[in-house]
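Visitor: Okay, handing you the structure first.
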Amino acid sequence: MAAWLVWLIAGFILISAEVLSGDLWLLMIGLGALGGAAASALGGNLVVSAVVFAIATIALVGGLRPMLKRKMLAGGDHKTNTQALIGVRALTVTKVDGHQGQVKIGGEIWSARAHNPDDTIPEPGTPVVVVEISGATAIVAPEP
């Protein structure tokens, strides 16, 4: 069997095994093995392929892996569900006061009430900002 094919198979096995590990080590080693396969396919002998594999793996582990890990760990501030609605602009559908009303948020009609119980937003179509979500009710304030 050709040396480049062995490198290629090893690279794909390691990259596939990364799915189980999730720590990016096997991905970097697998990519290094693909570099060794490329060197071997271009006519390099076993020593050249091994050196390319080692250099590529070390460079990937030292350079690319830390950047990817930072990116993966930095995604913690993504808001979902009702938390994603806080701060969003909405339009009043009916009069909104401290007790009741309706607003349209992103194409959906929500029950609403004013953030300040003494405020009344009488005009339908008035822009408001969602301050919080309480159950299925949007607490809104007039847009600044």
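The values are calculated or read from the model by the stated rules, or taken from the named source; none is laboratory data. Since the structure is predicted, the reported quantities are computational estimates derived from the model, not experimental observations. Ideal geometry is used to build each Cβ from the backbone, glycine not excepted, and the neighbour counts take in all protein chains shown. Just so you know, the surface numbers come from the protein's heavy atoms only, side chains and all, with ligands and any DNA or RNA stripped out. Shrake-Rupley method; radii C 1.70, N 1.55, O 1.52, S 1.80 Å.
Visitor: Could you please tell me which pairs satisfy a Cβ distance under 6 Å, a separation of 6+ or placement on different chains, a first residue in region 80-99 that is within 19 Å of Glu123 (Cβ to Cβ), and a second residue that is among the polar types (S, T, N, Q)?
Guide: So the pair list comes out as Thr92/Thr126; Val93/Gln102; Thr94/Gln102; Asp97/Thr120.
Visitor: Given the options Val103, Val131, name the one that is assigned to a strand (DSSP E or B), in the same structural domain as Leu85 (by the TED database), closer than 11 Å to Arg89 by Cα and touching a His at 6+ places or on another chain (Cβ under 8 Å). Steps first, answer last, please.
Guide: Numbers: Val103 fails: touching a His at 6+ places or on another chain (Cβ under 8 Å).
Matching residue, one of Val103, Val131: Val131.
Visitor: What are the residue pairs meeting all of these: first residue in region 39-65, first residue polar (S, T, N, Q), second residue assigned to a loop (DSSP other than H, G, I, E, B), Cβ atoms under 9 Å, and 6 or more apart or on different chains?
Guide: Ser40/Ala2
Visitor: Something else about it: Looking at Ala50, Ala59, which is the one that is at pLDDT 95 or above and either of a type in the set (Asp, Glu) or more than 33 Å from the chain's Cα centre (by Cα) (or both)? Walk me through how you get there before you give the answer.
Guide: Numbers: Ala59 fails: either of a type in the set (Asp, Glu) or more than 33 Å from the chain's Cα centre (by Cα) (or both).
Going through Ala50, Ala59 in turn, just one is at pLDDT 95 or above and either of a type in the set (Asp, Glu) or more than 33 Å from the chain's Cα centre (by Cα) (or both): Ala50.
Visitor: Restricting attention to region 115-144, which residues are aliphatic (A, V, I, L, M) and more than 33 Å from the chain's Cα centre (by Cα)?
Guide: Ile121
The rows are residues; the columns are (1) open to solvent by 60 Å² or more (accessible area, probe 1.4 Å); (2) farther than 23 Å from Ala10 by Cα; (3) part of a helix (DSSP H, G or I); (4) among the basic types (Lys, Arg).
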{"residue": "Ala37", "(1), (2), (3), (4)": "no, no, yes, no"}
{"residue": "Gly43", "(1), (2), (3), (4)": "yes, no, no, no"}
{"residue": "Gly63", "(1), (2), (3), (4)": "no, no, yes, no"}
{"residue": "Lys71", "(1), (2), (3), (4)": "yes, yes, yes, yes"}
{"residue": "Leu91", "(1), (2), (3), (4)": "yes, yes, no, no"}
{"residue": "Thr94", "(1), (2), (3), (4)": "no, yes, no, no"}
{"residue": "Asp119", "(1), (2), (3), (4)": "no, yes, no, no"}
{"residue": "Ala141", "(1), (2), (3), (4)": "no, yes, no, no"}
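Visitor: Applying the selection to region 7-20, what residues are open to solvent by 60 Å² or more (accessible area, probe 1.4 Å) and under 25 Å from the mean Cα position of the chain (by Cα)?
Guide: We begin by selecting, within region 7-20, every residue open to solvent by 60 Å² or more (accessible area, probe 1.4 Å); these are 9, 12-13, 16, 19-20.
If the condition is that a residue be open to solvent by 60 Å² or more (accessible area, probe 1.4 Å) and under 25 Å from the mean Cα position of the chain (by Cα), then Ser16, Val19, Leu20 are the ones that fit.
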